[in-house]
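The values are calculated or read from the model by the stated rules, or taken from the named source; none is laboratory data. Only a predicted model underlies this, so the values are computations on that prediction, with no experimental measurement involved. In this analysis, Cβ positions are derived from the backbone assuming ideal geometry, glycine residues included, and neighbour counts consider all displayed protein chains.
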Amino acid sequence: MLGGAGCPSYLSSRFLPYAERRAVWAVYAFCRTADDIVDRNTGAAERLTALNEWEIQLQAAYAGRASTPIFTALADAAARFGVPLHAALDLLRGAGWTSRSTATRPIASSPTTATSSYPPSAC
């Protein structure tokens, strides 16, 4: 999910010990997928439903019932390194806010994406 050797996040994570690296990758995969949900070119209701489903899976993973590889890895990272549930929930709440604020226009035509100097993710 980190895009391989050309991805800056991947390269920097290589300096971490293996267990920590895997935990960083798990957190990244969770965050990246949440961002991908928000970036879908669908209506706000569909994005909010998908974010709600993502949160249900998150809660289940923290309760020991992970259902996908991302949540299995995230649950392991949480258990080993104390990744707090509230941080992931805050991220999802922010993603929900973003989904609601773009309810009337597709993400691709957002004025901020057209003029932003922030490069698109290469990872």
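Being loosely packed, with under 15 Cβ neighbours inside 10 Å, modelled with pLDDT under 95 and of a type outside the set (A, V, I, L, M, F, W, C) is the requirement here; does SER13 meet it?
no
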* **Among (1) at pLDDT 95 or above; (2) under 28 Å from ARG100 (Cα atoms), the one test that ARG65 misses** => (2)
* How many residues does segment 34-47 hold that are surrounded by fewer than 18 Cβ atoms within 10 Å (Cβ to Cβ) and in a helix (DSSP H, G or I)? -> 5
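When only residues in segment 68-107 that are outside any helix (DSSP H, G or I) and not polar (S, T, N, Q) count, which is modelled with the lowest pLDDT?
Step one: filter segment 68-107 for residues outside any helix (DSSP H, G or I), giving 68, 82-84, 102-106.
If we keep only those that are not polar (S, T, N, Q) as well, we get 82-84, 103, 105-106.
On the way: GLY82: 95, VAL83: 94, PRO84: 95, ALA103: 51, ARG105: 45, PRO106: 48.
Looking at residues that are outside any helix (DSSP H, G or I) and not polar (S, T, N, Q), I get ARG105.
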* Structure fact -> Within segment 74-90, residues surrounded by 18 or more Cβ atoms within 10 Å (Cβ to Cβ) and under 13 Å from the mean Cα position of the chain (by Cα) come out as LEU74, ALA88
* **Subset of segment 26-57 (residues that are touching a residue at least 24 places away in the same chain (Cβ under 8 Å), under 18 Å from LEU89 (Cα atoms) and hydrophobic (A, V, I, L, M, F, W, C))** => ALA26, VAL27, ALA29, PHE30, CYS31, ALA34, ILE37, VAL38, LEU48, LEU51, TRP54
